[in-house]
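The values are calculated or read from the model by the stated rules, or taken from the named source; none is laboratory data. Bear in mind the structure is a predicted one, so any value in this text is a computation, not a measurement. A quick note on method: Cβ atoms are made from the backbone with ideal geometry, for glycine too, and the neighbour counts reach across all protein chains shown.
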Amino acid sequence: MNRHRPRQGKKSSNLVMLALSGLLLALSVFTGCGDSQKAQAPSSPMAPKSIQQPITQSTSTIAEAKPESVYNYRPAGRRDPFAPLISFEEKKAKAGDRPTLERYNIHEFKLTGIVWGGFGYNAMLEGPDGKGYFVHVGTIIGPNRGVVKKITSNTMTVEEKFKNATGETDRKQIVIDLRKKQEGMQ
């Protein structure tokens with residue numbers, strides 16, 4: 001017969017839980033979780049509440065003497081920290097639109113021969129594509145538009161222009177030596 005009687009322990013635990021939740025709800029309402037408390041809160045949690053006093057000459061000069069320190073960045077005279085330290089001249093044409101000598105890097109060419117003629121020295125270069133090219137002083141070569149400045153009996157000098165970290169234009173000279181006899185053949 002005890003099976004049909006409801007348990008009072010379970011009912012009492014439900015009542016206790018209901019009473020506790022009601023108590024928590026009442027505490028939250030009475031402690032001020034509403035919007036009225038947020039509007040009255042000070043602007044800084046660490047700042048003491050100011051007592052309003054009549055403004056006199058001495059208090060107004062004190063308020064003016066303590067301005068907030070605000071960092072103000074002035075980029076005048078400084079380089080852009082995100083700009084590369086070395087930037088080559090602008091590449092205006094696409095790789096497919098450039099002449100063949102400007103498509104490959106200068107270091108990819110091999111100086112295979114130097115020819116003396118009525119117009120001075122001419123250099124013969126072998127490109128990475130396996131083709132040969134004749135160049136003379138003033139020929140533009142490489143993707144950075146280097147200019148052949150000097151050809152001697154065993155070297156060729158190419159000068160490239162680039163911008164350094166300060167924005168000034170610097171020049172870099174690359175000397176390519178004439179290949180000697182290939183390894184294994186002497």
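Taking Glu68, is it within 30 Å of Arg171 (Cβ to Cβ) and at pLDDT 60 or above?
no
What's the number of the condition Ile140 fails, among (1) touching a Pro at 6+ places or on another chain (Cβ under 9 Å); (2) modelled with pLDDT under 90?
(2)
Given the criterion modelled with pLDDT of 85 or more and touching a Pro at 6+ places or on another chain (Cβ under 6 Å), identify the matching residue among Tyr104, Tyr121, Tyr133. If you could, list the steps in order and put the result at the bottom.
On the way: Tyr121 fails: touching a Pro at 6+ places or on another chain (Cβ under 6 Å); Tyr133 fails: touching a Pro at 6+ places or on another chain (Cβ under 6 Å).
None of the other options fit; the residue is Tyr104.
When you scan the stretch 139-152, how many residues do you find that are part of a loop (DSSP other than H, G, I, E, B) and within 18 Å of Asp177 (Cα to Cα)? Walk me through how you get there before you give the answer.
So the first thing to find is which residues in the stretch 139-152 are part of a loop (DSSP other than H, G, I, E, B), and the list is 139, 142-145, 152.
Checking which are within 18 Å of Asp177 (Cα to Cα) leaves us with 139, 142, 152.
Residues that pass the stated criteria total 3.
I'm told Asp177 meets every condition in (1) at pLDDT below 90; (2) under 30 Å from Ala83 (Cα atoms); (3) among the charged types (D, E, K, R) except one. Can you identify the failing condition by its number?
In the conditions (1) at pLDDT below 90; (2) under 30 Å from Ala83 (Cα atoms); (3) among the charged types (D, E, K, R), Asp177 misses (2) alone.
Looking at the stretch 153-170, which of its residues are surrounded by fewer than 16 Cβ atoms within 10 Å (Cβ to Cβ) and at pLDDT below 90?
Within the stretch 153-170, Ser153, Asn154, Lys161, Phe162, Asn164, Ala165, Thr166, Gly167, Glu168, Thr169, Asp170 meet the criteria.
Can you report the number of residues in the stretch 108-131 which are touching a residue at least 12 places away in the same chain (Cβ under 8 Å) and either among the charged types (D, E, K, R) or exposed (fewer than 10 other Cβ atoms within 10 Å of the Cβ) (or both)?
Result for the stretch 108-131: 6.
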